[in-house]
Structure formats: structure tokens, C-alpha cells
Amino acid sequence: LSEEEQQEVSGLITALKRTIINYATQSIGELDFRVEKKNADNIREAFKGTFDLQVPVYHHVEPDAVLMERISGEKITSVVHSRYLERVSISDLVSEAYLYLMFKKGIIWADPHAGNILYDADKLQVKLIDLNPCFQWEQSTVREFIAFLYRLILSDQKGIFEGLKNLVENPEVLEQEKSQILIKEFITNGNQGAFIRYLTDFVRLLGEANIDLRIEVQAALRGLSQVYLTSNA
């Protein structure tokens, strides 16, 4: 292999190791339902007085055993087809509640896909389940994340690089010529379609350049993409 190919293979191996470690850490955390109980309590408190969404209550039945209350309802995308006139208001509620949770309360729920959002047609109520993994951000981190999204929308090269330094695991990679060329070319081409697609393509580009977003930033981006797809559906 040439020296350049060796570096590329080495980068792929490093990225693969990090991916496996992150996946293992996250999976172990998701198996601890005491963590999910804590997440549910935090989210329920965050919504109090602002959004009428049900979040399951968890009970400690033993020191190391947790029981979740039964949650009635159907997967949200199954229900909206039969409740045509209500689908826009349901979609708005899901989107607004998620953005409020992320940007106002700093709670990053990584998995808001349609299977984890239920609708109770009898009570006319949206319900959230499987609230793990979640991450808690300081407001300073929320502001950094919002600023990064804003600079990406504006195709502001300097602002994007400055924002990435606070959001990636390995900011030193941003100084490499190859990384800078890839990112600058992407930004120069501009946003040609829906922003969520533009954002997804940008994250994919970072992966190709071996620039690793922090795990909670990955969760935030995945959450935004999933809640967009759910609301759109």
C-alpha cells in the first residue's frame, strides 16, 4: 500500500474501533432501566405545564428491578391515516415538543422514531416511550449546537469550522489539509435541497474524513432527523 492508502486504512480501523466502543457503551446503558426511569422523570418534569404528552411512570419494585406502567396507544404513523383532520396538529405537537426539549431544556432524546411515539385515540393524547438514550446538555452547549446549525444553513465556512471544534472528539483532524478541502468543497456546493438532507450528507462527509462527532452530538442530529421523518410521515 502507498503511504496515503496506509493512512486511510489506519483511519478506517480507528473509526471502526471507536464505533464499536461507543455502540457497546450505549447498549450497556440502555439495558439499565434505572437510567430510563431517570430520563422519563426528567422529561415529564420538563413538559409539565407546557405540553400535554404522557411519559410513562416507572416504579422500583426491587433495588435492581424497575416496573413501567402500561401505556395504551398505537404507533403514531398507523393512527394518522385514520385521523386525517388531526394529523397536522399531531405532527406540530411532536415537532414542537421535541425542539422544546432539546433547545429549551437541553435534553437530547436520541430515538424519537415512530415506534416510540404512540397516539391514544380515546384520550386524544400523544405518548412517548423508550426514553433511552438521553443526554443532558448545559445551555452553553445548546447555544454552540444552534450556532453550528445556523452557520451550516448560511454556508459560513469560518463559522462551521469554529463550531465543529466544540462538537467533535478529535478537533485536531480539522487542521488536516484533506479534511479542510473536503469540507470546503461541500460548503461551496451549497444546500441544494431540504436542510435535513443537507445535514445528513454533511455528517456522512465528516465520517469519510474521519472526523468523529461527540456521541451526544450524534444523538442530537439523529434525533432531529428522526423527528423530521416521523412528523413528515
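The values are calculated or read from the model by the stated rules, or taken from the named source; none is laboratory data. This structure is a prediction, so every number in the text was calculated from the model and none was measured. Neighbour counts are summed over all protein chains in view; Cβ atoms, including those assigned to glycine, are modelled from backbone coordinates with ideal geometry. Side chains are part of the model used for accessible areas, which takes the heavy atoms of the whole protein and leaves out ligands, DNA and RNA. Shrake-Rupley method; radii C 1.70, N 1.55, O 1.52, S 1.80 Å.
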Suppose the filter is surrounded by fewer than 18 Cβ atoms within 10 Å (Cβ to Cβ) and in contact (Cβ under 8 Å) with a residue 60 or more places away in the chain; does Asp52 pass it?
yes
Against the conditions (1) open to solvent by 80 Å² or more (accessible area, probe 1.4 Å); (2) modelled with pLDDT of 90 or more, where does Gln139 fall short? Just the number, please.
(1)
Residue set Ile28, Ile13, Ile43, Ile20; condition open to solvent by 90 Å² or more (accessible area, probe 1.4 Å) and at pLDDT 85 or above; output residue Ile20
Specify which of the listed residues (Glu162, Glu144) is more than 26 Å from Ile76 (Cβ to Cβ), free of Cβ contacts under 8 Å to residues at least 12 places away in the same chain and surrounded by 15 or more Cβ atoms within 10 Å (Cβ to Cβ).
Glu162
Looking at Leu229, Leu224, Leu206, which is the one that is in contact with a strand residue (DSSP E or B) (Cβ under 7 Å, 6 or more places away or on another chain), under 25 Å from His113 (Cβ atoms) and in a helix (DSSP H, G or I)?
Leu206
Could you list, in sequence order, the residues of segment 182-202 that are farther than 20 Å from His113 by Cα and either among the basic types (Lys, Arg) or open to solvent by 80 Å² or more (accessible area, probe 1.4 Å) (or both)?
Lys184, Glu185, Thr188, Asn189, Gln192
Segment 112-136: number of residues that are free of Cβ contacts under 8 Å to residues at least 60 places away in the same chain, crowded, with 19+ Cβ neighbours inside 10 Å and under 27 Å from Ile28 (Cα atoms):
1
Select from segment 203-217 the residues that are over 20 Å from Asp111 (Cα atoms), of a type outside the set (Gly, Ala, Ser) and surrounded by fewer than 19 Cβ atoms within 10 Å (Cβ to Cβ) and write down the one among them that is modelled with the lowest pLDDT.
Glu208
Out of (1) in contact (Cβ under 8 Å) with a residue 40 or more places away in the chain; (2) over 26 Å from Leu128 (Cα atoms); (3) of a type outside the set (Gly, Ala, Ser); (4) surrounded by 14 or more Cβ atoms within 10 Å (Cβ to Cβ), what's the single condition that is false for Val173?
(1)
Restricting the search to segment 158-181, which residues are in a helix (DSSP H, G or I) and in contact with a Lys or Arg (Cβ under 6 Å, 6 or more places away or on another chain)?
Gly159, Ile160, Gly163, Pro171
Filtering segment 110-132 down to residues that are closer than 19 Å to Ser72 by Cβ and either among the small types (Gly, Ala, Ser) or in a helix (DSSP H, G or I) (or both) yields Ala114, Gly115, Asn116, Ala121
Of the residues in segment 91-105, those that are surrounded by fewer than 19 Cβ atoms within 10 Å (Cβ to Cβ) and in contact with a helix residue (DSSP H, G or I) (Cβ under 7 Å, 6 or more places away or on another chain) number 4
